[in-house]
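Quick note: the coordinates plus some simple rules give every number you see, no bench work behind them. Remember, it's a predicted structure, so these values are computed and weren't measured experimentally. All Cβ positions, glycine included, derive from the backbone under ideal geometry; neighbour counts span all protein chains shown.
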Amino acid sequence: MRRPRSENQANGELTLFSLFAWLWAMSVIWHYLRPGHDYAVGWMDLAVVLCAILVLIRPRNCHFFLATAVAQVLVFLLGLPSSSASNHWSAHFLVSLALCLSFGLQAARGRSLGIRSDDWLRLFRPVVCLLVITIYLFAALHKLNSRYFSAHGSAPQMYLEIVGGDHLSAIAPLLPADAAFLALLPALSALIELTIPLLLLFRRTRLLAILIGMAFHVILSQRAYPYITDFPILLGAAYALFLPEAGIDRINTSLLAPWRRSRYHASSKSLIAPALLLAVIFAPAVFALPAQSSINWFTFANLKAAHWTLYAAAYVAILVFLIVKLRGGDYVSSSLVWRRAHVPLAPIIALAVFVGLSPYIGLKTAGAFTMFSQLETEGGYSNHFFMPPELQIFDYQKQVCVIETTAADIPVTAATGELLTWHRFLKLTRANPEAAITYEFKGERHELERIAEKPELAGKADLFERFYLTFQHTNWEEKTSYCD
């Protein structure tokens, strides 16, 4: 027998589930339809985008939302190992996995696939919120290293130089250029990324944390790369789960009530709003999916930047509205406490912690929430302040080599000055067994006319090595990891 809907859902009002579903669907589409893709868009990618469009049209539909999450998980798994090298891909995967497993758990308990959105929300909400806090904590942890806090060449300082030299940047005229500010910038950015998750832990400071987080990411989005907004818009969706239920009621009564009383409300259930959204932002990229070279990415980047500006401005305006309107007890209803029902989903948090700790225990360094951290742990060396190389229980990072000369089809040469972990070197050689190569390993120079002459360079890797281990680019001369 069909269960009754929640009161808000029955009245056609905004619910926390529909808000999160709509924002998450937008972040999914944003992730796929962006300039600078270095891989071909396939049918699975199109399937994810189409599922997300259905969620935009029907955000209360649990099965549309589930289909999007399942498709996201499948695309991530099919894209390994490249997908696991991306920080925002890893975050998308973990959240989508939490959505899928929580749906399955709820369906198994109720012995029916027709679950209520409220029940599903109560199950996945604490898990996704803890995932966001975990990602932020690791992003801050990774930045506690000597390179990030160096007087010259730290990521925040390079960012400031890029934005300051960009005449199109909206914040360029506001940027201070004195040496004291430049010296404080690394510590300030790391402090903000540490403060946000701590504020998210407490009910009364969650709205403030979201406001700080959105402002922080709006500033970062001023960078010269248009895809920089992929991760902020993902967080914008996840932030919605931290909103108090009283905040949703306020949005319904104060912001959406006038719309419902208007004569246009009857058409709000049609495809007009989603169609306009797709036409303005996503249509240029949709038409270019079969042949990406045909699209004018500069025009698309400008459209996307305009949409991000409107998105962020509306988001911040609503947050300010809620901070002004909500009082005392209004915050109390937003409880994210884990209960017995959430215990089966704990492995997802454990997986996130494992990914975040990977650089320190000798596993992968890319896609481990190392956003622009300049963390270096390869070659038996660590530039972290209190995570020494002795913590590495795996040997994948300890041995390193340098390629001096190689065939053109291997994308690493001595000109780049790149230091490779031995595992990453083996990935290159196994993919090109017939190529000639000259490399240096353990102080010895090796020259091969065919890589296949050495069986250990052309053999097959095990599944864990093939699909999980990915590494950042590292400079041999300066021993510095490039920003990812």
Two-site label geometry, N61 and K454: point separation in nm, points 7 Å out along Cα→Cβ: 5.6
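Which order, highest average first, do 70-77, 125-132, 46-53, 459-466 follow once you tally other Cβ atoms within 10 Å for each residue and take the mean per peptide?
Working: 70-77: 19.1, 125-132: 22.6, 46-53: 20.9, 459-466: 10.8.
Packing order, densest peptide first, comes out as 125-132, 46-53, 70-77, 459-466.
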Round to a whole angstrom and tell me the spacing of the C-alpha centers of segment 233-256 and segment 101-156. 18
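Anything over 23 Å Cα to Cα? Flag those among K364/K398; K364/K454; K143/K427, in the order listed. If you can, show how the numbers build up before the last one.
Numbers: K364/K398 12 Å; K364/K454 25 Å; K143/K427 28 Å.
Result: K364/K454; K143/K427 exceed 23 Å.
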Ranking request for peptides 241-253, 18-30: highest mean number of other beta-carbon atoms within 10 Å first, then the rest in descending order. 18-30, 241-253
Give me the distance in nm between label points sitting 7 Å out from Cα along the Cα-to-Cβ direction at K325 and F354, one decimal. 4.4
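Just want to confirm a number: the relative contact order over segment 48-167, from Cα pairs under 8 angstrom separated by 6+ residues, in percent. Don't skip to the answer; put the middle values down first.
Values: 71 pairs, mean separation 20.7, N = 120.
The value is 17 percent.
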